[in-house]
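Notes follow once the structure below has been shown.
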Amino acid sequence: GESVGLHLPTLSVQEGDNSIINCAYSNSASDYFIWYKQESGKGPQFIIDIRSNMDKRQGQRVTVLLNKTVKHLSLQIAATQPGDSAVYFCAEIQRKGNAGNNRKLIWGLGTSLAVNP
Amino acid sequence: GAVVSQHPSWVICKSGTSVKIECRSLDFQATTMFWYRQFPKQSLMLMATSNEGSKATYEQGVEKDKFLINHASLTLSTLTVTSAHPEDSSFYICSAGGRGAYEQYFGPGTRLTVT
């Protein structure tokens, strides 16, 4: 299944199916993007990141795709499991005028993923 | 590695009292720590950025006199919600910056309920 982000939609998938979570980002100057998973009552967990000079990056069961032309980011989860049920946020880091460490994250609104057993 | 803890994990307080939340980086030194607030079914909202040994930088609309941030050491930052009101009830999350410009490690969050 697929979803469009930035207004906290809910994506419901069957266990074992692939999930695609989408996110539109705002700033063409952003040079780094991260996907986080947040389970209920917990802090965000890093899933995967991608730099703006890449189009695709793969991790374990997850793939992030970046389309800079349309400023779109997606997270693909293969063989979705009940433990994947959570809210997923994309975040972008924008270049700032002053160089420095730990630049601010700009957060998307999140997508809630529900995995049906 | 890169573990961040928060204490307490949840707190209930009466309106008008102050509450202190601690954020600790357990196995690394964090020059920069971030404080976020999250309301139900919403995204994280950055409140302030704190750098060790200097004053915190607050985001627009966040009252610095109400949300006091202290970052006295490389492993500890505290957020004090002063004169708490029911509308301050929220999930407060801290993160600690790693060595790289893009690294942030998140704490488990603190649920504050003001009655």
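Ligands, DNA and RNA left out, the accessible area of the range B:14-115 computed with a 1.4 Å probe is 50% carbon and sulfur.
When the label point is put 7 Å from the Cα of B:ALA72 along its Cα-to-beta-carbon vector, which residues of the range B:33-59 have a backbone N closer than 13 Å? Zone members listed by number: B:53. For the range B:49-115 and the range A:19-43, what is the centre-to-centre distance using only Cα atoms, to the nearest Å? Computed from Cα coordinates, the inter-centre distance equals 21 Å. Ordering B:LEU44, B:TYR92, B:PHE106 by the projection of their Cα atoms onto the charge dipole of the range B:44-112, which places +1 on the Cβ of Lys and Arg and -1 on the Cβ of Asp and Glu, puts B:PHE106 at the extreme positive end.
Could you identify which residue out of A:LYS56, A:LYS104, A:LYS42 has the top mean-square fluctuation in a GNM of chain A using Cα springs shorter than 10 Å? Ranking A:LYS56, A:LYS104, A:LYS42 by mean-square fluctuation puts A:LYS42 first. The alpha-carbon of A:LYS71 sits under 16 angstrom from the alpha-carbons of these lysines, leaving out residues fewer than 8 places away in its chain: A:LYS56.
Each residue was assigned an accessible area with a 1.4 Å probe, and for B:GLU87 the value is about 130 Å². If you add up the charges near A:GLY59, with Lys and Arg at +1 and Asp and Glu at -1, over every other residue whose beta carbon is less than 14 angstrom from its beta carbon, what do you get? Residues close to A:GLY59 contribute a combined charge of +2.
Heavy-atom accessible area buried between chains A and B is around 1700 Å² (1.4 Å probe, both sides summed).
Dipole size of chain B about its Cα centre, with +1 on Lys/Arg Cβ and -1 on Asp/Glu Cβ: approximately 160 debye, rounded to the nearest 20. Accessible surface computed residue by residue for chain A, with neighbouring protein chains in place and a 1.4 Å probe, gives 49 Å² per residue. Extension gain for B:THR80-B:THR113 works out to 10.5 nm (0.36 nm per residue, less the C-alpha to C-alpha distance).
Magnitude of the charge dipole for the protein assembly as shown, about its Cα centre and with charges confined to Cβ atoms of Lys, Arg (+1) and Asp, Glu (-1), is about 400 debye. Each label was represented as a point 7 Å from its Cα along the Cα-to-Cβ direction; for A:LYS104 and B:CYS13 these points are 2.5 nm apart. Estimated at 0.36 nm per residue, the fully extended path between A:ASN67 and A:LEU8 surpasses their Cα-Cα distance by 19.1 nm. Charge tally around A:ASN116: other residues with Cβ under 10 Å, Lys/Arg +1 each, Asp/Glu -1 each, net -2. Grab chain B and count how many Lys pairs have their alpha-carbon atoms under 15 Å apart, sequence gap of 8 or more, or different chains. Close lysine pairs under the 15 Å cut-off: 4.
With K and R counted +1 and D and E -1, the other residues having a Cβ less than 11 Å from that of A:GLN45 yield a net charge of +1. Distance between the pseudo-spin-label points of B:LYS41 and B:SER5 (7 Å out from Cα toward the beta carbon): 3.5 nm.
The values are calculated or read from the model by the stated rules, or taken from the named source; none is laboratory data. What you see is a predicted model, and the numbers here were worked out from it, not measured in a lab. Here the Cβ is made from the backbone with ideal geometry for all residues, glycine too, and neighbour counts use every protein chain on show. Keep in mind that these areas ignore ligands, DNA and RNA; they rest on the heavy atoms of the full protein, side chains included. Shrake-Rupley method; radii C 1.70, N 1.55, O 1.52, S 1.80 Å.
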